[in-house]
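This report refers to the structure that appears directly beneath it.
The values are calculated or read from the model by the stated rules, or taken from the named source; none is laboratory data. Keep in mind that this is a model prediction, so the values were computed, not measured. All Cβ positions, even for glycine, are placed from backbone atoms using ideal geometry, and neighbour counts span all protein chains on display. To get the accessible areas, we keep the full protein, side chains included, count just its heavy atoms, and leave off ligands, DNA and RNA. Shrake-Rupley method; radii C 1.70, N 1.55, O 1.52, S 1.80 Å.
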Amino acid sequence: LIGFIAAIYLPMGSLPDYVQKGLKAFPVLYGTAAVREVYTEAALADAFTGAPAEVIKGYKAFMGISIEWGSYEVNLLTCLLLLLGSGILFTIIASGLLSRKKTSDR
């Protein structure tokens, strides 16, 4: 399931718009996009030498290398901040649930 949620098995561009919008709610998608961006940077520079910027942007959006919210393209720093923020949020939620469970078990 995580492979589909992170758009690992299928490129983002091959999914319907409503599915793409739903996947953007999951932090793991941004982690996948960040890893793709780092690992494909040199290969894309070589492959798209001399290509127009729109072609590169369209390819990156279709393959899930870059994530777009409307007209805003989420950059690497934003992806990392989203991952960090969601990690902190889920740690706080988990610790709250675990502390409540320990109290009720006494």
Residue hits (region 56-97; among the β-branched types (V, I, T), open to solvent by less than 70 Å² (accessible area, probe 1.4 Å) and farther than 20 Å from V19 by Cβ) are I56, T78
Filtered residues of region 1-25 (kept if of a type in the set (A, V, I, L, M), within 22 Å of S86 (Cα to Cα) and either open to solvent by 30 Å² or more (accessible area, probe 1.4 Å) or within 10 Å of the chain's Cα centre (by Cα) (or both)):
L1, I2, I5, A6, A7, I8, V19, L23, A25
For S86, the lone unmet condition from (1) of a type outside the set (V, I, T); (2) free of Cβ contacts under 8 Å to residues at least 40 places away in the same chain; (3) assigned to a helix (DSSP H, G or I); (4) within 23 Å of V28 (Cα to Cα) is (2)
Condition test on R100, is it farther than 26 Å from L1 by Cα and of a type in the set (K, R)?
yes
Given (1) touching a Leu at 6+ places or on another chain (Cβ under 8 Å); (2) touching a residue at least 40 places away in the same chain (Cβ under 8 Å); (3) assigned to a helix (DSSP H, G or I), index of the condition F4 fails
(2)
Tell me which of these Y9 doesn't satisfy, since it passes every other one: (1) in a loop (DSSP other than H, G, I, E, B); (2) aromatic (F, W, Y); (3) in contact (Cβ under 8 Å) with a residue 40 or more places away in the chain.
(3)
A careful count of residues in region 26-43 that are of a type outside the set (S, T, Y) and either in contact (Cβ under 8 Å) with a residue 24 or more places away in the chain or surrounded by 18 or more Cβ atoms within 10 Å (Cβ to Cβ) (or both) gives 9
